[in-house]
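The values are calculated or read from the model by the stated rules, or taken from the named source; none is laboratory data. This structure is a prediction, so every number in the text was calculated from the model and none was measured. As a convention, Cβ positions derive from the backbone with ideal geometry for all residues, glycine included, and neighbour counts pool all protein chains shown.
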């Protein structure tokens, strides 16, 4: 998945803005555009790791994206490369827990499972976010939301077992890697919602992308010994798509929506993008799901949608 600004915790509606609100058609088109970018990102990652080792591929992606995002910081009001005093620990935290480790895990997983299946696995971030938000920020969680968590995870586990056939460690390691990445992203989102609410999104994201990208690329060169001369055009296309379209254009579009769309509506992107990813995977990878897998995926995404929450229900959120 592309790098994105931190999503707001679902129990917090966006405050009203004094800016003129764009037309509904423009917002809807931008929303669909973000879903399309996030949905196709998974196939981009699949392409990138066809001839590039996973750690190196992740490093290249973020090193390509960083110069463009750095320019955005320089021209943006309120953004800075420096974290505020008392919040500097967020730089290594986001670099490691949000960038370096998760995207290495996702790229590893994409070497062994279809891009559509990987996107469904990662969609579990929405329920893990709810759990971590309950732990970190002490938000109030309704019975409906807990039901969505349990039902969604049950569907996800059955889908993994059904799709992978046997229970061998080799067969389950790739899905486990993508799920671990989802857990780390959810933990990061909840942590940022609690400790970085006053920090500009660009400040939170951009320097960690640079630090994480350089660290991954160096680690990949030292540990994976990639043969850059053997990298295929398809893999380069995948890396460029991830670095420029997903990480830069997608970032800009999501950041634009953050100004005008409430958090609950925006968070449904996490439910919609796997549908697009599965469709793309079925067409370009010929990885069509059977009827049971499709029903399980629909049940999982529907259950995840139950975890969404209006701000009016959130009286118990902690400080």
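Of the listed requirements (1) assigned to a helix (DSSP H, G or I); (2) farther than 30 Å from residue 215 by Cβ, residue 140 misses just one: (1). Inspect the stretch 103-119 for any residue being without any contact (Cβ under 8 Å) to a residue 60 or more places away in the chain, surrounded by fewer than 23 Cβ atoms within 10 Å (Cβ to Cβ) and more than 16 Å from residue 274 (Cα to Cα) and give the result as yes or no. Checking the stretch 103-119: not a single residue is without any contact (Cβ under 8 Å) to a residue 60 or more places away in the chain, surrounded by fewer than 23 Cβ atoms within 10 Å (Cβ to Cβ) and more than 16 Å from residue 274 (Cα to Cα). Set side by side, the residues 175, 208, 226 differ, and just one is outside any helix (DSSP H, G or I) and either under 19 Å from residue 106 (Cα atoms) or modelled with pLDDT of 95 or more (or both), which is 226. Residues that are more than 22 Å from residue 270 (Cβ to Cβ), assigned to a helix (DSSP H, G or I) and free of Cβ contacts under 8 Å to residues at least 12 places away in the same chain: does the stretch 41-50 have at least one? No, that holds for no residue.
Residue by residue through the stretch 75-102, note down the ones that are more than 13 Å from residue 192 (Cα to Cα) and loosely packed, with under 12 Cβ neighbours inside 10 Å. Matches in the stretch 75-102: 75, 77, 78, 82, 85, 86. Looking at the stretch 192-202, which of its residues are assigned to a helix (DSSP H, G or I) and over 18 Å from the mean Cα position of the chain (by Cα)? Residues satisfying the conditions are 194, 195.
Please go through the stretch 263-310 and give me each residue that is in a loop (DSSP other than H, G, I, E, B) and touching a helix residue (DSSP H, G or I) at 6+ places or on another chain (Cβ under 9 Å), ordered by number.
Passing the criteria: 268, 285, 287, 288, 289, 290, 307, 308, 309, 310.
Taken as a whole, the condition of being over 16 Å from the mean Cα position of the chain (by Cα), touching a residue at least 60 places away in the same chain (Cβ under 8 Å) and closer than 11 Å to residue 206 by Cβ applies to residue 66.
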